[in-house]
């Protein structure tokens, strides 16, 4: 049972945030951030509609900025939420503390709203409700009556002290039969990522400045989950210092921590705090270690900003609530990133295939073959080959590579195949060429050897221009690549200058997942700018998703790729990546899911693995314009 005095004070704060909303209908709403009011879509209307927001004795003009669809047939479909922007918000107005966690089955809930109970005048009303279980994605409310006009009202969880839901509708008019409410996490489904992240930052900043609400909430004796409410707020504040990422990347890191069988979140993951909320609601891992702590530790090793990384490590040491969790957190932090053991290193033996246009004739190519020994020595295999057309070059390499791919003795690891190619040839499917054409027509090189591509122009760059490339390569050392990956959306349409600014702001960004071939619009600019900025690890699918605005891309080939490679690269180090992608190809073939394996291209570009200097002059006229 919650402390009565604390709940009374929280209810008073809640009433101070309550507003009346007059739009498509009449109902309630509440301030969630500076100038922003949450309510129901069937109350406020569609995006762009004008509404009136009544707070205290003032009527304020507002506009619906984000809203779920209304179909016009009876009860509005889920989630039936809207966010209204007040044109001239009163200075210093309060805001509720949002609680993203679903209430427990034992939770008592308080609703404060507006209703016409005893005449035409709209008055403020409140009531206690019990959590009556779920109704599809909504929360059932039992024990009291939800009157007309209470739609859009805040639902306060008396266990946590936060607003966990938005009142939607009564279930049966005229009887104390309760109703249903929509979890506040559904706001993620109606708002675009950037404004949602801005709302969360401003909401959190408000409650860091004004600690009365959270102080009262911390005094409540209700269940706290794997970490305390205060510790979770602190974690969200630290994670806000990390670069923004998209849903696909957050989903992949969520699954990397929670496990492949974890139920996927119902709503998009727009920021790191969303991942924390979703992980906190899961059952503990098999080893009993809380997912939230595991996520914070993983992110501490992936964070490029050292101040953020150190803050996460301090948080992970201080926040566990049991001696066992404290000991396990200390062990994981002391061990560093739990990167898988691998024979691959930056000096792994390789066969290097160096292809360049023949002079200014871009339709004919010269090819050199080199052997890169495990000690770092580079020796020529064939460097005097004649000019060839593209088809002649393919036939030549199909004949030579199988023998070279077998490497040395049978017990030695098969070499890495490094293909240094002009930009337009980066999609060549060498990994799908037969490994033993005369004997095994089912075995391809990409399943027996790690295969990577490298871009010719950057490979041939002058030494004095390698600073950014070397810096980003070094920043990946010791990182968990599965956490460090950054995804480029299939809806990406920013021009080169905007992408360049993004990459310049993130000097430690070293690994990208592109949504499709770099010959397609969403990926081409990202790869061109990424190569210029020195990003050393990039993955894409030859047949990915080029993005079609206006359609959902939550489960498109691009998002499936980001999820698959992030899971495969979990606990992998920088130098493990080629072997892991080979394993992904084999896993995709074995599981019958080739869409996430056989057409994956890996650009893996160690600036220390280049040819002897005399061989690096680029033919006249071969710089890409």
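The values are calculated or read from the model by the stated rules, or taken from the named source; none is laboratory data. Model, not experiment: these values are computed from the prediction. No Cβ is skipped: glycine too gets one built from the backbone with ideal geometry, and neighbour counts run over all protein chains shown.
Return yes or no: is residue 328 at pLDDT 90 or above, part of a helix (DSSP H, G or I) and surrounded by 14 or more Cβ atoms within 10 Å (Cβ to Cβ)?
yes
Filter region 242-254 down to the residues that are surrounded by fewer than 17 Cβ atoms within 10 Å (Cβ to Cβ) and either without any contact (Cβ under 8 Å) to a residue 40 or more places away in the chain or out of contact with any helix residue (DSSP H, G or I) (no Cβ under 7 Å at 6 or more places or on another chain) (or both) and list them by number.
243, the sole residue that qualifies.
For the subset of region 427-466 comprising residues that are free of Cβ contacts under 8 Å to residues at least 24 places away in the same chain and within 21 Å of residue 503 (Cβ to Cβ), which member is surrounded by the most Cβ atoms within 10 Å (Cβ to Cβ)?
461
Step by step: first the residues of region 269-284, then only those that are assigned to a loop (DSSP other than H, G, I, E, B) and modelled with pLDDT of 90 or more, then the one that is nearest to residue 205 (Cα to Cα). Which residue is that?
271
In region 509-544, what count of residues is obtained for those that are within 17 Å of the chain's Cα centre (by Cα), surrounded by fewer than 24 Cβ atoms within 10 Å (Cβ to Cβ) and in a loop (DSSP other than H, G, I, E, B)?
Qualifying residue count, region 509-544: 1.
Within region 161-203, can you find the residues that are assigned to a loop (DSSP other than H, G, I, E, B), out of contact with any strand residue (DSSP E or B) (no Cβ under 8 Å at 6 or more places or on another chain) and modelled with pLDDT of 90 or more?
Listed by number, the list holds a single entry, 161.
Listed here are the residues, each with its yes/no results for (1) surrounded by fewer than 20 Cβ atoms within 10 Å (Cβ to Cβ); (2) in contact (Cβ under 8 Å) with a residue 60 or more places away in the chain; (3) over 17 Å from residue 272 (Cβ atoms).
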| position | (1), (2), (3) |
| --- | --- |
| 200 | no, yes, no |
| 211 | yes, no, yes |
| 217 | no, yes, yes |
| 226 | no, yes, no |
| 230 | yes, no, yes |
| 240 | yes, no, no |
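Say we look at region 331-351 and pick out the residues that are assigned to a helix (DSSP H, G or I) and over 19 Å from residue 475 (Cα atoms); which of these is modelled with the lowest pLDDT?
334
Sort through 96, 21, 51, 32 and tell me the only one that's assigned to a strand (DSSP E or B) and under 19 Å from residue 196 (Cβ atoms).
Answer to the check: 32.
This table checks each residue for (1) at pLDDT 90 or above; (2) surrounded by 22 or more Cβ atoms within 10 Å (Cβ to Cβ); (3) outside the structural domain of residue 476 (by TED's automatic domain parsing); (4) out of contact with any strand residue (DSSP E or B) (no Cβ under 8 Å at 6 or more places or on another chain).
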site: 256; (1), (2), (3), (4): no, yes, yes, yes
site: 259; (1), (2), (3), (4): no, no, yes, yes
site: 267; (1), (2), (3), (4): yes, no, yes, yes
site: 290; (1), (2), (3), (4): yes, yes, yes, yes
site: 299; (1), (2), (3), (4): yes, yes, yes, yes
site: 309; (1), (2), (3), (4): no, no, yes, yes
site: 316; (1), (2), (3), (4): yes, yes, yes, yes
